[in-house]
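Asker: Dropping a structure here in structure tokens format, bear with me for questions.
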Amino acid sequence: VQLVESGGGLAQPGGSLRLSCAASGRPISSYSMAWFRQAPGKEREFVAGADWSGANTDYADSVKERFTISRDNAKNTVYLQMNSLKPEDTAVYSCAARVGYFGRFAGVYNYWGRGTQVTVSS
């Protein structure tokens with residue numbers, strides 16, 4: 001499966017962005033999906049994950065109550081709605097897919113997109 005992220009850009013603190021991850025090659029209904037991010041000089045970190053249906057989700061504490069992961073299997077797309085953005089949310093955001101239940105460890109994911117840059121600055 002191929003994953004392509006979009007929707008990144010520049011946002012002001014307190015603003016919002018919605019990232020999309022479009023999949024091709026296979027239906028994402030077979031996969032758990034997740035978003036990770038990596039800031040300059042830092043390790044990649046888990047942001048949010050959802051099981052195949054989207055009914056079960058998990059969030060990093062740093063984004064809980066601000067970010068929402070969702071998926072539209074009919075459109076083969078996963079979303080990350082980001083509200084109340086903070087400068088520390090600045091990073092490259094990547095989506096990932098795996099067969100099986102989602103987790104917070106990047107190593108369990110089989111497929112990755114190239115990422116989209118999110119910059120939060122006034």
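The values are calculated or read from the model by the stated rules, or taken from the named source; none is laboratory data. Note that the coordinates shown come from a computational prediction; the quantities given were computed from them, not determined experimentally. Neighbour counts are summed over all protein chains in view; Cβ atoms, including those assigned to glycine, are modelled from backbone coordinates with ideal geometry.
Asker: Could you please let me know if T57 is farther than 29 Å from S122 by Cα and at pLDDT 95 or above?
Answerer: Values: farther than 29 Å from S122 by Cα: yes; at pLDDT 95 or above: yes.
Here the answer is yes, as T57 does meet what is asked.
Asker: What are the residues in region 71-104 that are charged (D, E, K, R) and in contact with a strand residue (DSSP E or B) (Cβ under 7 Å, 6 or more places away or on another chain), if any? Don't jump to the end; show me each part of the working.
Answerer: Within region 71-104, the first condition is being charged (D, E, K, R), and the residues that meet it are 71-72, 75, 86, 88-89, 98, 104.
Hits for region 71-104 are R71, K86, D89, R98, R104.
Asker: Right, another one. Considering only region 1-97, give the strands (runs of 3 or more DSSP E) lying wholly within it that have at least 2 residues that are without any contact (Cβ under 8 Å) to a residue 60 or more places away in the chain and closer than 17 Å to G113 by Cα.
Answerer: Working: elements: 2-6, 9-11, 17-24, 32-38, 45-50, 57-59, 67-72, 77-82.
Of the strands (runs of 3 or more DSSP E) lying wholly inside region 1-97, those with at least 2 residues that are without any contact (Cβ under 8 Å) to a residue 60 or more places away in the chain and closer than 17 Å to G113 by Cα span 17-24, 45-50, 67-72, 77-82.
Asker: Out of W112, W35, W52, report the one residue that is modelled with pLDDT under 95 and aromatic (F, W, Y). Steps first, answer last, please.
Answerer: On the way: W112 fails: modelled with pLDDT under 95; W35 fails: modelled with pLDDT under 95.
None of the others qualify; the one that does is W52.
Asker: For the subset of region 46-70 comprising residues that are out of contact with any Ser or Thr (no Cβ under 7 Å at 6 or more places or on another chain) and within 19 Å of V4 (Cα to Cα), which member is surrounded by the most Cβ atoms within 10 Å (Cβ to Cβ)? Write out each step before concluding.
Answerer: Taking region 46-70 first, the residues out of contact with any Ser or Thr (no Cβ under 7 Å at 6 or more places or on another chain) are 46-47, 53, 55-65, 67-68, 70.
Keeping just the survivors that are within 19 Å of V4 (Cα to Cα) gives 46-47, 68, 70.
Working: F46: 20, V47: 25, T68: 16, S70: 15.
In this case the residue turns out to be V47.
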